[in-house]
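**Q** What follows is a single structure, and I will ask about it in a moment.
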Amino acid sequence: MWIIFSLGEVASVGVHAVSSNHEGAKERQKIGATVVAGLWLSGLLSVTALALLPLDGIGAYFRLLGLGGEASAEVRAAGHGYLWHTVLGAFPMAAAGVVASGFKGMGLMRPALRVTALSVALNALVDPFLIWGCPPLGIPRMGPAGAAIATNLSSTLAFFLLARGLGRDFRVSIRWRARPKLQELRRIASTGLPMAMSNVLFTLSYVALGRVLTGLGPVHLAALGLGQRLESIQYTINEAFAAAAATLVGQWLGAGRPEEARKAARETVKLSAAVNAPLGLLCFLLAPGIIGVFTSDPLVAQAAASYLMFVAVASPLAAAELALEGALAGAGDTLPTLAAGLVLNSARVPIALLLAPKMGVQGAWLAIVLTTALKAAVKHLAFERSSLPLLVKAKAPSSDG
């Protein structure tokens, strides 16, 4: 599922960077063409995702986790149903993300937030009817597939509302039937594709790490899942800083002012780390109590609490890493993000295997912390040394007159 979401981010990440660049260059009228190019790219990638449907993705996932013989036919069928409908909804989800990126590029987060809140509310409202069914309304019980359909409906609504707002409220001309320029597609793809590939590698690294955890004991995989759900609260905050960094860097580069772009990125990184430090401290001190609210299994609780304590220590670095990732995206220089993900996310598994004999499951948690710190350092160096590909060169003064 996360791989499908990552494919959808190819266009949205690229559109965010290029739209920010246009806004900084005071060329807002070009954002509409960028959004349309992003929608074309999203459509192409969605068709690619559809072509992968015949593959047994759910079966492969269970086998990678070492649960191939334990997953029942019912669980597999539910997984297949959810996956199929998620892929079928890949385009509306990606399309909504692309149009929202147009807003982000202009630095207008509130309209996108309002639409997102409305679509989430719709999703929450429709979910029970489609998952459990509603015989009086003639709606059959669909199980997990119903959850995917509800997401598809809310994504479609978000797309239409965002597109309408972009054109009506902010006068960004969107010519739906216009063919995108190859240069614009290339700029979007060259920025978004490395980021998406990095996210895919990140997902796969956790699948492989899940296999290691399964070998240490089935409760540890459950602990990781629980810990990550709670950690996602901080991750959402960090994503906001990453989006801000991408917008600020892109706009300053569009204005032809690289030093201001670098300064804005540094300040965003500092602020994100400063916000996460007290949150991490609270999480470290309260980890056992927080976990106890969500599980009564003492073994799962103990492992999940230790996971939260490890990641809490590294939370300022994780925040800085994500902000730097946003800054690199805004600069159109995302290959370092891919390189760091390829090497360091992949390194988590052998490091965990190396530490596990002496540290047990805490060796896996330490592997995550160490690689997070290294990724933050690598991305910091990459941004400071970046050639800033999206920098708009100042035009030479005219010799006329």
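**Q** Just the number please: accessible area per residue for the stretch 180-333, 1.4 Å probe, all protein chains included, in Å². Intermediate values should be presented prior to the final figure.
**A** On the way: 6830 Å² over 154 residues.
Averaged over the residues of the stretch 180-333, the accessible area is 44 Å².
**Q** If you take the beta carbon distance between L353 and E239 as r and set R0 to 30 Å, what does 1/(1 + (r/R0)^6) give as a FRET efficiency, to the nearest 0.05? If you can, show how the numbers build up before the last one.
**A** Values: r = 30 Å, r/R0 = 1.01.
Calculated transfer efficiency: 0.50.
**Q** If eta is 0.890 mPa s and T is 25 °C, what Stokes-Einstein diffusion coefficient results for the stretch 115-265, Kirkwood Rh from Cα pairs, in µm²/s?
**A** Numbers: Rh = 20.0 Å.
Roughly 123 µm²/s, to the nearest whole number.
**Q** Let me ask something else. If the viscosity is 0.890 mPa s and the temperature 25 °C, what translational diffusion coefficient in µm²/s does Stokes-Einstein give for the stretch 138-223 when Rh comes from Kirkwood over Cα pairs?
**A** Details: Rh = 17.8 Å.
Once the numbers are plugged in, D ends up at 138 µm²/s.
**Q** Moving on. Of R187, R164, R385, which has the most accessible area with a 1.4 Å probe, and how do the rest follow in descending order?
**A** Final ranking, largest accessible area leading: R385, R164, R187.
**Q** A further question on this structure: Can you give the charge dipole size of the stretch 112-181 about its Cα centre, rounded to the nearest 20 debye, using +1 on the beta carbon of Lys and Arg and -1 on the beta carbon of Asp and Glu?
**A** Numbers: 9 positive and 2 negative charges, 126 e Å.
My answer is approximately 600 debye.
**Q** Could you work out the per residue convex hull volume over the alpha carbons of the chain, in cubic angstrom?
**A** Values: hull volume 62.6 nm³, N = 401.
Spelled out: Cα convex hull of the chain, divided by residues, is 156 Å³.
**Q** To continue, here is another question. Once every DSSP H run of n ≥ 4 in the chain is given -39500 (n - 2.57) and the sum is divided by its residues, what mean residue ellipticity at 222 nm do you get, rounded to the nearest 500 deg cm²/dmol?
**A** About -27500 deg cm²/dmol.
**Q** Right, something else. Which of the chymotrypsin sites (Phe, Trp or Tyr not before Pro) found in the stretch 151-195 are loop residues per DSSP with 12 or fewer other Cβ atoms within 10 Å of their Cβ? Kindly include the intermediate steps, with their values, before the conclusion.
**A** On the way: sites: F159, F160, F170, W176; in loops: F170, W176.
Sparse-neighbourhood loop chymotrypsin sites (Phe, Trp or Tyr not before Pro): W176.
**Q** Moving to a separate point now. Restricting the calculation to Cα positions, tell me the Rg (one decimal) and the Dmax (whole number) of the stretch 279-348 in Å.
**A** For the stretch 279-348, the Cα radius of gyration and maximum Cα-Cα distance read 16.0, 47 Å.
**Q** In the chain, what percent of the accessible surface is made up of carbon and sulfur (1.4 Å probe, ligands and nucleic acids excluded)?
**A** Values: 13480 of 19900 Å².
It is 68 percent, rounded to a whole number.
**Q** Would you work out which of S315, L328, I31 lies farthest towards the positive end of the dipole of the chain, given +1 charges on the beta-carbon of Lys and Arg and -1 on that of Asp and Glu, about the Cα centre?
**A** With unit charges placed on the Cβ atoms, the residue in question is I31.
**Q** Let me ask something else about it. Looking at the P(r) of the stretch 228-279, how many percent of alpha-carbon pairs lie beyond 15 Å? Don't jump to the answer; show the numbers that get you there.
**A** On the way: 653 of 1326 pairs.
Cα-Cα pairs in the stretch 228-279 separated by more than 15 Å: 49 percent.
**Q** Still on this model: Looking at the chain as a GNM with Cα springs under 10 Å, which of G43, G138, G81 has the largest mean-square fluctuation?
**A** G138
**Q** Helix 258-294 sits at what angle to the longest principal axis of the chain, using alpha carbons and giving 0 to 90 degrees rounded to 10?
**A** Value to nearest ten degrees: 20.
**Q** Another one. Along its principal axes, what span do the Cα atoms of the stretch 285-401 show, with the longest given first and each in whole Å?
**A** 81, 31, 17
**Q** With a cap of 12 neighbouring Cβ atoms within 10 Å, and only residues DSSP puts in a loop, list the trypsin sites (Lys or Arg not before Pro) found in the stretch 1-51.
**A** Details: sites: K26, R28, K30; in loops: K26.
Filter output for the stretch 1-51: K26.
**Q** Give the angle, between 0 and 90 degrees and rounded to the nearest 10, that separates the Cα long axis of helix 2-24 from the longest principal axis of the Cα atoms of the chain.
**A** 30 degrees
**Q** While we're on this one: Would you mind computing the Rg to Rh ratio of the stretch 235-333 from its alpha-carbon coordinates, Kirkwood style for Rh?
**A** Values: Rg = 17.0 Å, Rh = 14.5 Å.
With Rg and the Kirkwood Rh in hand, the quotient comes to 1.17.
**Q** At 1.4 Å probe size, what's the solvent-accessible area of L113? Round to the nearest 10 Å².
**A** Approximately 120 Å² of L113 is accessible to the 1.4 Å probe.
**Q** Is there a pair in K30/K263; K104/K263; K26/K181; K263/K375; K30/K270 whose C-alpha atoms are over 29 Å apart, and which pairs would that be?
**A** Long pairs (Cα-Cα over 29 Å): K30/K270.
**Q** Moving to a separate point now. To the nearest 10 degrees, how steeply does helix 361-384 sit against the main Cα axis of the chain, on a 0 to 90 scale?
**A** Relative to the chain, helix 361-384 is tipped by roughly 10 degrees.
**Q** Using 0.36 nm per residue, how much length does the chain from F170 to L125 gain when fully extended, once their Cα-Cα distance is taken away? Let's see the in-between values first.
**A** Working: separation 45, 0.36 × 45 = 16.20 nm, distance 2.98 nm.
Here the answer is 13.2 nm.
**Q** Right, another one. If the convex hull of the alpha-carbon atoms of the stretch 202-249 is projected onto planes in all directions, what is the mean projected area in square nanometres?
**A** On the way: hull surface 15.4 nm².
The directionally averaged projection comes out at 3.9 nm².
The values are calculated or read from the model by the stated rules, or taken from the named source; none is laboratory data. Just so we're clear, the structure is a prediction, and the values are computed from it rather than from any experiment. When we count neighbours, we look across all protein chains shown, and the Cβ atoms used for this are built from the backbone with ideal geometry, even at glycine. In case anyone asks, the SASA skips ligands and DNA or RNA and just uses the protein heavy atoms, side chains included. Shrake-Rupley method; radii C 1.70, N 1.55, O 1.52, S 1.80 Å.
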